[in-house]
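Take a look at the structure set out below.
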Amino acid sequence: MNIKHLIKPVAVLALSFLILGDTVAAIVGKSIGRIGLFGKTLEGSLACFLVCFALTRAVPEVPVTVGLVGAVVATVFELLPVPLDDNFRIPLSAGFAMELMLR
């Protein structure tokens, strides 16, 4: 499979996960979040996942399964208490996972 035509959509999607997914996670988590996980909230993480997965549907060049894995990875890396800032973790991990699936 020739994946060169997918590199830009995967990069755009990974950055969109950060921009929109992380932002919505913070807004939802702070406003209606009740169930705490690793210093964040379950509600915020679910909102992050839903936004990230919805974004994958807005980029038709990326297959559904690849987008689903990217959304899950972005959500997990947004939630986990890793010392690296999530502004780096989210797009790098999700982009890497999606790129790996395309190979």
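A crude spin-label estimate for the pair residue 64 and residue 20, with each label 7 Å from Cα along the Cβ direction, gives 1.8 nm. In the elastic network of the chain, a GNM with C-alpha springs shorter than 10 Å, the most mobile of 41, 65, 23 is 65. Over the chain, what is the mean sequence separation of C-alpha contacts under 8 Å (at least six apart), divided by residue count, expressed as relative contact order in percent? Once normalised by length, the contact order is 33 percent. Placing +1 on each Lys and Arg Cβ and -1 on each Asp and Glu Cβ, with no other charges, gives the chain a dipole about its Cα centre of roughly 120 debye.
Which of 80, 13, 55 ends up with the largest GNM mean-square fluctuation for the chain, with Cα atoms connected below 10 Å? Among 80, 13, 55, the largest GNM mean-square fluctuation belongs to 80. Estimated from helical segments only, the mean residue ellipticity of the chain at 222 nm is -21500 deg cm²/dmol, where each DSSP H run of four or more residues counts as -39500 (n - 2.57). Near residue 18: Cβ cut-off under 10 Å, other residues only, Lys/Arg at +1 and Asp/Glu at -1. The net charge is -2.
Taking the accessible area of the chain, probe 1.4 Å, and keeping the other protein chains in place, the carbon and sulfur fraction comes to 74%.
How charged is the neighbourhood of residue 40? Take every other residue with its Cβ under 15 Å from the Cβ of residue 40, and add Lys/Arg as +1 and Asp/Glu as -1. The partial results should precede the final answer.
Numbers: positive: 30, 34, 89; negative: 22, 43, 78, 85, 86.
Net local charge, residue 40 excluded: -2.
Toward the positive end of the charge dipole of the chain, with +1 on the Cβ of Lys and Arg and -1 on the Cβ of Asp and Glu, the farthest Cα among 88, 68, 18 is that of 68.
Sum up the charges of everything whose Cβ sits under 12 Å from the Cβ of residue 79, counting Lys and Arg as +1 and Asp and Glu as -1, but leave residue 79 out. Intermediate values should be presented prior to the final figure.
Working: positive: 40, 89; negative: 22, 43, 78, 86.
Once all neighbours under 12 Å are counted, the net charge is -2.
Using a Gaussian network model of the chain in which every pair of alpha carbons under 10 angstrom is joined by a spring, one finds that among 39, 29, 67 the greatest mean-square fluctuation is at 39.
Just one of (1) 2, 11, 21, 23, 20, 12, 7, 3, 1, 0; (2) 2, 16, 26, 23, 16, 9, 5, 2, 1; (3) 2, 11, 16, 17, 16, 16, 10, 7, 4, 1, 0 is P(r) over Cα pairs in 5 Å bins from 0, in percent calculated from these coordinates, so which is it? Read-out from the structure maps to (2). Please report how far the C-alpha centroid of region 1-71 lies from that of region 88-103, rounded to the nearest whole angstrom. Each part reduced to its Cα centre gives a spacing of 12 Å.
The values are calculated or read from the model by the stated rules, or taken from the named source; none is laboratory data. Values in this document were obtained by computation on a predicted structure and should not be read as measured data. Here Cβ is always computed from backbone atoms with ideal geometry, including for glycine, and neighbour counts include all displayed protein chains. Just so you know, the surface numbers come from the protein's heavy atoms only, side chains and all, with ligands and any DNA or RNA stripped out. Shrake-Rupley method; radii C 1.70, N 1.55, O 1.52, S 1.80 Å.
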